[in-house]
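Here the structure is laid out as structure tokens; the discussion comes afterwards.
The values are calculated or read from the model by the stated rules, or taken from the named source; none is laboratory data. Note that the structure is a prediction, hence the values are computed from the model and not measured. A quick note on method: Cβ atoms are made from the backbone with ideal geometry, for glycine too, and the neighbour counts reach across all protein chains shown. Heads up: the accessible areas ignore ligands, DNA and RNA and are worked out on the full protein's heavy atoms, side chains in. Shrake-Rupley method; radii C 1.70, N 1.55, O 1.52, S 1.80 Å.
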Amino acid sequence: MHLSMWSYPWDIQDQGLTTLAAELAGRARLNTVSMATVYHAGRFLQPRSPQEKIYFPEDGTAYFQPTETLWRDKEIRPLVAQNLVERGDMLEALTKARAKTGLKVSCWTVCLHNSRLGALHPEHVTRNAFGNPSVFNLCPSSPAARDYVVTLVRDITTAYKPDMLELESPSFMGYAHGYHHEKDGIGLTAEDDFLLSLCFCEHCTARALKAGVPVDGARRTAKRFIAEMCERAVPERQFPDFPSAGIDAFRDHADLHAYLAWRIEPVTSLIGEIKAAADPATRIVLIDGPDAWLGGIDLAAAGRLCDGAILCCYDMTPDAVGAVIRKGRAMLGPGKFLGLGLRVFYPEVDGPEILKARVKSAVDAGADGVTFYNYGLIPAKRLDWVGAAVAGLGQPSSGGLGRTD
């Protein structure tokens, strides 16, 4: 059973490897640490940091040392975080200390969600039906963006040999995913957000036209819906079965429906290229949620090309968690890794019992593992909740460096 916790390099630096191993392997009864290797901006309240209770990570940077020969002549290149320069390479430290800590290492890797690189390379970001760029999302149809992500995974897996690498955002992103000081006076519905997120950049246009997809008609339809959204006094649902019906919610709009069906192709093929470039010793899995199709991910198609997925079910009831995992298992098949992602945030988790119920429901439904969010963002006492939730699920019998309270 894969039992892990998402973690930031600065949290591991603050606590130290000995404490990390004691807390994860001993106290929380986990056997893996999932460290952010490429990450975005944020504002984090850090209850256990001895100094930095509020932390702003550097935007769009890499927490590993790139191999220069792999990146020579690449149009889009990773930007190394000052954290690595000033405080050391924690990915190297973790992978070298596996035998000592008893913790396997997974690389939590943000792929196309990168505002810093998007601002540097605006010709390679997604653009809506009006041509407006979403600087936080490099486009999966862009050859340069694809080359960046494929090389990123190749570099990490060959240089560091992690046990697993988790792909976050190798896909299209929603409009409302988040940037800085976002303003929305309309009150966007879920379908409005989706329509605003549809990409019609030159790379998507060329790729779709080559496949015989009616791009111009799809763009006109999306543009019309966005314009109508902007003219309403109050929000109004236009597609009552969205998102439950998937792309078929737009079945009465043939060109748009065809474009949405095609939209899966650049994401699926990118995942295949990522897996082909990765070191075969490292498992490559997706991180997404129950409605992964919104970003252009076909879980069944992607699962045939990579090693599996982690489905995040943060605030769901135990029954709903089980339903998501059963559906995910049916799509991935029996031979692929299927993990559950859970947050340990209050009030959606107000004690160990709800966490335990969600974990049990997922494992009963066929999950192969659980990853918890997030080591540095929760009080230490909640690690005991995690330990209680996973008790008996295959935690290491002798890994780690002991327990501290």
**Request:** Using Cα pairs closer than 8 Å and at least 6 residues apart in sequence, work out the relative contact order for the stretch 80-140, in percent.
**Result:** 25
**Prompt:** Rounded to a whole number, what % of the accessible area of the chain do carbon and sulfur atoms account for, probe 1.4 Å?
**Reply:** 52
**Request:** Give the long-range amide H neighbours of V344: residues separated by 5 or more places, or on another chain, with amide H under 5 Å away, using H modelled in the peptide plane at 1.01 Å from N.
**Result:** Y373, N374
**Message:** Going by amide H atoms built from the backbone, whose H comes under 5 Å of the H on V80, apart from near neighbours?
**Reply:** A62
**Fill in**
For the stretch 57-64, Karplus-derived ³J(HN,Hα) couplings (6.51, -1.76, 1.60; θ = phi - 60°; whole Hz; x for glycine and proline) come out as x, 5, 6, x, 10, 9, 10, 8
**Complete:** In terms of the alpha carbon gyration tensor, root eigenvalues a ≥ b ≥ c, rounded if a/c is under 1.5 and otherwise prolate when a/b exceeds b/c or oblate, the stretch 179-330 is oblate
**the stretch 1-147 - percent relative contact order, Cα under 8 Å, separation 6 or more** = 23
**Complete:** Protection proxy (average C-beta count within 10 Å per residue), highest first, orders 21-33, 267-279, 221-233, 158-170 as 21-33, 158-170, 267-279, 221-233
**Message:** Classify the stretch 246-356 from the C-alpha gyration tensor, please: rounded if a/c falls under 1.5, else prolate or oblate depending on whether a/b exceeds b/c.
**Reply:** oblate
**Where the stretch 180-300 is the region considered: accessible area per residue in Å², 1.4 Å probe** = 47
**Request:** Filter the cross-link list K161/K275; K53/K381; K104/K356; K161/K360; K100/K356 down to pairs whose alpha-carbon distance in this structure exceeds 20 Å.
**Result:** K104/K356; K161/K360; K100/K356
**Asked** What number, rounded to the nearest 500 deg cm²/dmol, is the helix-based mean residue ellipticity at 222 nm of the chain, given -39500 (n - 2.57) per DSSP H run of at least four residues and division by all its residues?
**Response** -11000 deg cm²/dmol
**Request:** For I284, list long-range residues whose amide hydrogen, built 1.01 Å from N in the peptide plane, is under 5 Å from its own amide hydrogen.
**Result:** L165, D307
**Cα-based reach from K210 at 21 Å (exclusive), listing lysines while leaving out same-chain residues under 8 positions away** = none
**Message:** Per residue, how much accessible surface does the stretch 312-384 expose to a 1.4 Å probe? Answer in Å², no decimals.
**Reply:** 42
**Complete:** The FRET efficiency for A254 and E348, from their Cβ-Cβ distance with R0 = 35 Å and rounded to 0.05, is 0.30
**Item:** Spatially proximal lysines relative to K183 (Cα-Cα < 23 Å; intrachain offsets below 8 disregarded)
**Value:** K223
**Asked** With the other protein chains left in place, how much accessible area per residue, in square angstrom, belongs to the stretch 8-135 at a 1.4 angstrom probe?
**Response** 40
**Fill in**
Taking a ≥ b ≥ c as the square roots of the Cα gyration tensor eigenvalues, with a/c under 1.5 meaning rounded and otherwise prolate when a/b beats b/c or oblate if not, the stretch 141-237 comes out oblate
